[in-house]
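See structure below.
Each value in this text was obtained by applying a stated rule to the coordinates, not by laboratory testing. Here the structure is a predicted model, which means the values were calculated and not measured. Counting neighbours? That spans all protein chains shown, and the Cβs are built from the backbone with ideal geometry, glycine included.
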Amino acid sequence: MRLAVLGTGYVGLVAGAGFADVGNEVVCADVDAEKIARLMRGEIPIFEPGLDRLVANNVREQRLSFSTDIAATVAGAEVVIIAVGTPSAPDGSADLSYVLAAAEAIGRALTGWAVIVTKSTVPVGTAEKIREAVARVSEVPFAVASNPEFLKEGDAVNDFMKPDRVIVGSDDARACEVLRALYAPFVRTNDRMLFMEARSAELTKYASNAFLATRISFMNDIANLCERLGADVESVRRGMGMDPRIGPKFLFPGIGYGGSCFPKDVRAALATAEAAGGQLEILAAVDRVNERQKGVLVDKMAAHYGARLRGRTIALWGLAFKPGTDDVREAPSLTVIERLLAAGVKVRAFDPVANAAVRARFGDRVELCDGNYEAARGADGLALLTEWREFRRPNFQRLKELLVEPVLFDGRNIWDPAELRAAGFVYFGIGRR
Ligand SMILES: NC(=O)c1ccc[n+]([C@@H]2O[C@H](COP(=O)([O-])OP(=O)(O)OC[C@H]3O[C@@H](n4cnc5c(N)ncnc54)[C@H](O)[C@@H]3O)[C@@H](O)[C@H]2O)c1
């Protein structure tokens with residue numbers, strides 16, 4: 001099949017390369033000329049494990065190419081995928097301007113029947129808006145389908161190649177047939193395709209992200225209660241997770257969720273409910289709890305150092321919103337850094353791949369270091385913000401020698417408090433005794 005993918009971000013590039021890998025001819029187009037120039041030079045603009053090889057193989061086999069020419073990309077494609085951003089508008093709703101601009105560009109470029117597939121996360125009713133935007137400028141017949149993407153950054157290639165489920169929302173029989181054929185190689189072992197109408201498909205994506213965010217905020221609430229009651233959330237979490245109705249995943253307390261999806265999707269779901277005259281009361285609390293949680297480590301620092309916090313140096317390990325990605329969009333680290341700087345604290349930080357993204361936001365207000373031990377050198381305390389694998393078993397003796405004061409703020413509960421206290425550290429976790 002001939003595919004056009006508009007948007008070469010985390011979703012568009014992974015999907016484009018994944019579809020090419022099973023034999024399709026895919027052109028990925030973007031309005032960002034610099035991104036396309038880098039891709040044409042063989043560079044991958046984002047960090048995503050396995051993506052470089054997947055892209056390189058398919059470019060070499062001439063199944064995957066890149067372009068800034070949207071019209072030429074769309075012309076002749078049977079499937080046109082919209083994978084552009086849907087950031088938060090100032091009122092929290094999803095800003096659809098990129099999606100609708102893409103739809104209009106597609107309408108102007110269509111040369112024959114195609115199914116226009118929305119992979120971007122979009123509010124309920126967007127499929128109809130896309131249909132209108134295309135029909136306004138095109139007389140060529142076409143179909144619209146919602147196909148929300150469920151990949152996780154950090155494991156995006158695996159998720160795409162072996163999806164838990166493929167949701168297709170469309171009332172057009174031909175579109176459903178084309179998408180069934182397109183996804184057949186990815187669901188061979190187990191048919192995990194689910195067809196429904198577009199509105200339900202659009203809402204499935206928001207409901208899924210909202211539910212995952214709810215689990216995180218719920219556990220953070222329980223963790224904070226554990227601290228008040230003298231219980232240990234790590235025991236509580238394990239005990240809860242053994243119930244198969246609950247399960248152990250996504251029950252980890254920490255410093256809040258971030259990234260390019262949960263925060264904006266939670267806010268967009270709230271805005272959608274409000275616009276429909278309803279309310280998502282649980283989700284409103286999820287959002288509030290998360291905003292509060294991003295500040296808990298700094299609250300612990302303020303309580304520990306008291307008036308001595310101003311003028312101190314704090315080292316931060318991990319800045320990406322989660323391990324395995326360079327994405328810092330809405331990462332809790334940004335809140336931590338802003339609050340520390342506002343409190344007159346000097347920040348030294350290290351992330352295996354996200355240093356550049358943080359430098360782009362904070363410039364020289366944050367000292368970004370080349371290694372984790374380097375960040376700790378001369379600091380008055382160390383905060384672990386992202387649980388990269390390499391931070392799980394550091395050389396604590398070395399760390400103790402580098403720190404001026406051996407104080408650890410473990411924002412992800414990856415270290416053993418008893419072991420560290422025995423080694424002479426002052427340890428603060430989340431919801432632990
Ligand atoms: N990142 C994730 O993990 C993830 C997972 C599932 C769903 N989603 C959703 O997928 C969508 C894309 O997310 P992302 O993280 O890949 O975004 P991104 O910001 O990384 O990439 C979006 C790309 O679209 C390009 N673009 C904007 N307008 C365009 C146009 N008219 N034509 C062509 N290209 C255009 C931008 O230049 C940018 O390169 C969002 O709606 C997001 O919510 C993201």
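Details
- Between Val31 and Val353, the contour length at 0.36 nm per residue exceeds the Cα-Cα span by 113.4 nm.
- Using θ = phi - 60° in the Karplus curve 6.51 cos²θ - 1.76 cosθ + 1.60, the 3J(HN,Hα) couplings for the range 123-133 round to x, 4, x, 5, 4, 5, 5, 5, 4, 5, 4 Hz; x is entered for Gly and Pro.
- Which of Lys152, Lys322 has the fewest Cβ neighbours within 10 Å, and the rest in rising order: Lys152, Lys322
- Our helix-only sum for the chain, with -39,500 (n - 2.57) per DSSP H run of n ≥ 4 divided by its residues, gives a mean residue ellipticity at 222 nm of -13500 deg cm²/dmol.
- Computed from the C-beta positions of Arg377 and Lys162 and an R0 of 51 Å, the FRET efficiency is 0.75 to the nearest 0.05.
- Put a dot 7 Å past the Cα of Glu291, heading toward its Cβ, do the same for Arg389, and the two dots end up 3.7 nm apart.
- If the segment from Glu281 to Asp370 were pulled out straight at 0.36 nm per residue, it would be longer than the present Cα-Cα gap by 27.6 nm.
- Between helix 198-229 and the chain there is an angle of about 10 degrees, using the helix long axis and the longest principal axis of the Cα atoms.
- In terms of surrounding Cβ atoms within a 10 Å radius of their Cβ, Glu139, Glu78, Glu419, Glu234 rank from fewest to most as Glu139, Glu419, Glu78, Glu234.
- Between Asp95 and Glu401, the C-beta separation translates, for a Förster distance of 45 Å, into a calculated FRET efficiency of about 0.35.
- Cross-link partners for Lys119 among the lysines, with Cα-Cα distance under 27 Å and sequence neighbours closer than 8 places in the same chain left out: Lys35, Lys129, Lys152, Lys162, Lys205, Lys249, Lys264, Lys322.
- Counting every other Cβ atom within 10 Å of each residue's Cβ, Arg2, Arg348, Arg389 order from fewest to most as Arg389, Arg2, Arg348.
- Each residue, Val140 and Lys249, gets one label point 7 Å from its Cα in the Cβ direction; the gap between the two is 3.9 nm.
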